[in-house]
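See below for the structure under consideration.
The values are calculated or read from the model by the stated rules, or taken from the named source; none is laboratory data. Just so you know, these numbers come straight off a predicted model, no measurement behind them. Neighbour counts are summed over all protein chains in view; Cβ atoms, including those assigned to glycine, are modelled from backbone coordinates with ideal geometry.
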């Protein structure tokens, strides 16, 4: 069959009127209009209406058309004609014309669909279809090849392609080489769990899939490439989160003989360009904020700057206050900070502030409580305002720059960390609750100068990774306090409260690198075992270098405004790291395990149904909403195996039971209605006694964890 | 005060109940203001807000609720149960034990006292923390049938808060039921002894001999599918358990995990921490049938109908259907897995599946020092007749249960 003459559906317009065309694609929708049959023919460029008129097409073609079903793959020939006035379809780019068919081949038929694919209504005046948003995501993922036929999904992946192309072009223009690094490698210290790949040639030994090409890209700098990038898949076996994938795509970049400013400028230009693909204009340079400032003013290292309400420190106002709680906190070296929720006093009533925020919500954020003040008629109003004298009240209003209608929410605690953390969560909570976050606004910010170390369970750990250049090099690695005071030459790119990427200037000096390992408490032997190959590289004239990595799934999702990153990945795993399409991860044959020297069994001991697949156990755990701990796993597994045996035993008794009805109780009773009583609330509900046994109660209701996503 | 017998009791150890019957309950039976954790973390710190209907009835007739015993998780099996011990230690005259598979009867057999399970639907389940709605009953253990009769007289009464109760008239325990005029007819299933171990056969023979000595007429009956009781019970009970345990979500009562990021995590972790391995295994089996293999569950329900029909047909000519209460294949107080639990209760679970009344009689079916218990299943809602039969056998003076 010759497709040379094929024209894309989406390219047709009134200029083609009268032309004879060959089209090919899928039946998006069908409409039987009395005698005349209409179909929407869809290919990757768009949709065009094709008409089969029994008066004009041959009976053979018409009969074939009558047999068409949704998503049959077909080839059509016909003549482009202008639609009758009043029958144009404004939902289609090709809505002014249609194709009067004279030839039709069904290239491949489709069985009935698990969910509708069509997104375009055939009728003018009706709403666009697109009901697929309500289709269960598991089903969409299971039939991803059909889901991806939807124009909206194709558009997302096309945009993703354009973004990637834009990156490659941009980096090409800036002298970067794309170099591939291995997928089968040694585990690198990125902090998450590795996906391991067993080696057949070295039984009991494993490759690790890379969590990032960190060490390889640094070695490429040692090797003298100077500017490297890679759009690379990375793997992390982390705890399940709704918007996280076990494998993800990262733009990974490294350059030599550069400093932070190079990265900032380069990346700002690049990010600006890729956001422009989604018609989002960003202005450069991006603002910068030290980690310290971010924590002090927003309580997080991922500040959301789409709205104000940054923290105001008021500790110094209360050194001599009559309000005992503040006084004590100040005396203990504590901290008092607050936010000004401007002009929202109508929405934040005393009741909401006191009973919800002060008593419930803020304690949930880890602070003891919250002080609130409303500004009414130029004066502060609060349940504790009487404890502050006139001067203090005026100072508070000045410090928070208040106007009538403002609400101050203040947290005081002996721990500065507690104040910042709780106030940061409160800031977001209030912003979401009062809808203070403007939509379609993008606020990038560089967060810089992270601490180099943090305190972990066993001494110091690196905040980024151990190859990050410290801001000062003359520290004593055995002096923990001194180490904790160090900042690093690192930077995160944050947008709208999400971390899009991050990087740092790296250590290029072997001696300094050793000092870092010493501070981390790694013995020379451990260092050799873990990083020997890399340190060897560092010893051969390593140029100063640094780099950055950008999480592409998240970036594309943000640019396209999708609800989850799965929408911009062709074949994602579901939120439980399972692929409904392929059924991965799956069990493997015992012979495969034996070859790899894995598994206690071996081919001889395999019994069909000997152990329920991990998949089944996972499903049962999910439907039962019961997590099984590792030490119970074997027992519960055995019980499920027993159940499988019982199901088989039951099957053998099908014969003599066929004609019977299932019996669900030893006698049946219907119509259980108590007579003579009126509908009423149960006394235990009325007097709230029902709440007495609840683990958590809030304002007369049972309190539960929030539903994420 | 607490003791090894009671997890909770308001009474001093030397409490004098005078003439009143002292009833021990399980902490899965609601007594207003008492801890009612039902032996499970899922209900930790749960305090009953009101008296169960049965408890109200007992109190109204002047009986004393002596204390809450210890119990297995949600009352499944007997691994931690001290109900029968409360009776043999003299701390109670009767102990109520929830009966899914025969727990009360097996507890009676282990302690060499009487055990009784009423007809399903004759006693209100309101206030009973259960797991298997279509089978669970208030079982009773006691030293004397008379005490069990008294308890049944008090608790077998209509309660319009339990819609699952039998709609027709309930058994009347106040009428006189006695076996003085005629010999009781006791059925024995063909091939029953073929499934027994040598020890069990000896005990069974001594039980049959005792019945004959007492003047009973033994008659052979046919229960062709008796081997399938356990399979049907297991499938159905696990599905019902998996469903009804859904209420233990850590929202309205019971244990809640200390840390959870979101709703799903809260459920998974809360319930993961709430149940022990035995219950978890049972719930997973139920979930398997319910979500993966529903046809098996429906098939088991058809089988249940078949087994009920067969049992009722044989009972029409009998006063009771006899067997042993406990087995030596598995010990009901030591069974740690679901599989062992079902083995241990193999003789008692048919009455649970069919909802029939059943009584355990000590001292008749013994071999050497071991008492396997004589188990007699009665006709539906003829509980008073069955207890009268047990009384008849008790009065033969051979039961050893009377002090």
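At a glance:
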read-out	value
Meets criteria (at the interface with chain B (Cβ under 7 Å from one of its Cβ atoms) and modelled with pLDDT of 90 or more) for residue A:636	yes
Number of positions in the range A:662-676 that are more than 7 Å from every other protein chain (Cβ to nearest Cβ) and either at pLDDT below 75 or under 12 Å from residue B:301 (Cα atoms) (or both)	5
Subset of the range B:275-285 (residues that are crowded, with 21+ Cβ neighbours inside 10 Å, at the interface with chain A (Cβ under 8 Å from one of its Cβ atoms), in a helix (DSSP H, G or I) and within 22 Å of the chain's Cα centre (by Cα))	B:280, B:281, B:282, B:283, B:285
For residue B:255: the one exception among (1) closer than 26 Å to residue B:267 by Cα; (2) part of a helix (DSSP H, G or I); (3) touching a helix residue (DSSP H, G or I) at 6+ places or on another chain (Cβ under 8 Å)	(2)
Tally of residues being part of a loop (DSSP other than H, G, I, E, B) and either closer than 30 Å to residue A:706 by Cα or modelled with pLDDT of 95 or more (or both) across the range A:210-253	15
Sole residue being outside the structural domain of residue A:224 (by TED's automatic domain parsing) and touching a residue at least 12 places away in the same chain (Cβ under 8 Å), chosen from A:511, A:582, A:562, A:542	A:542
Condition met for residue A:113 (touching a helix residue (DSSP H, G or I) at 6+ places or on another chain (Cβ under 8 Å), in contact (Cβ under 8 Å) with a residue 40 or more places away in the chain, closer than 20 Å to residue A:149 by Cα and not in a strand (DSSP E or B))	yes
Matching entry among A:529, A:478 (being free of Cβ contacts under 8 Å to residues at least 60 places away in the same chain, at negative phi, surrounded by fewer than 16 Cβ atoms within 10 Å (Cβ to Cβ) and in a helix (DSSP H, G or I))	A:529
Among (1) at the interface with another protein chain (Cβ under 8 Å from one of its Cβ atoms); (2) under 17 Å from residue B:131 (Cα atoms); (3) at pLDDT 95 or above - the single one residue B:254 does not satisfy	(3)
Residue identified as within 14 Å of another protein chain (Cβ to nearest Cβ) and over 25 Å from residue A:690 (Cβ atoms) among B:121, B:37, B:83	B:121
Residues that are farther than 14 Å from residue A:705 by Cβ, surrounded by fewer than 21 Cβ atoms within 10 Å (Cβ to Cβ) and more than 7 Å from chain A (Cβ to nearest Cβ), drawn from the range B:257-274	B:273
Residue A:266 vs. criteria touching a residue at least 12 places away in the same chain (Cβ under 8 Å), on the phi < 0 side of the Ramachandran plot and surrounded by 18 or more Cβ atoms within 10 Å (Cβ to Cβ)	yes
Only one of B:146, B:170 that is within 14 Å of chain A (Cβ to nearest Cβ), within 16 Å of residue B:386 (Cβ to Cβ) and surrounded by fewer than 24 Cβ atoms within 10 Å (Cβ to Cβ)	B:170
Residues (surrounded by fewer than 18 Cβ atoms within 10 Å (Cβ to Cβ), assigned to a helix (DSSP H, G or I) and either on the phi > 0 side of the Ramachandran plot or facing another protein chain (nearest Cβ under 7 Å) (or both)) located in the range A:617-631	A:623
Selected residue (only one of A:77, A:45, A:57, A:64 is buried (at least 16 other Cβ atoms within 10 Å of the Cβ) and out of contact with any strand residue (DSSP E or B) (no Cβ under 7 Å at 6 or more places or on another chain))	A:45
Total residues in the range A:1-25, condition within 14 Å of residue A:77 (Cα to Cα) and either free of Cβ contacts under 8 Å to residues at least 12 places away in the same chain or not in a loop (DSSP other than H, G, I, E, B) (or both)	11
Search result, residues across the range A:116-131 that are in contact with a helix residue (DSSP H, G or I) (Cβ under 9 Å, 6 or more places away or on another chain) and either at pLDDT 75 or above or closer than 19 Å to residue A:88 by Cβ (or both)	A:116, A:117, A:118, A:119, A:120
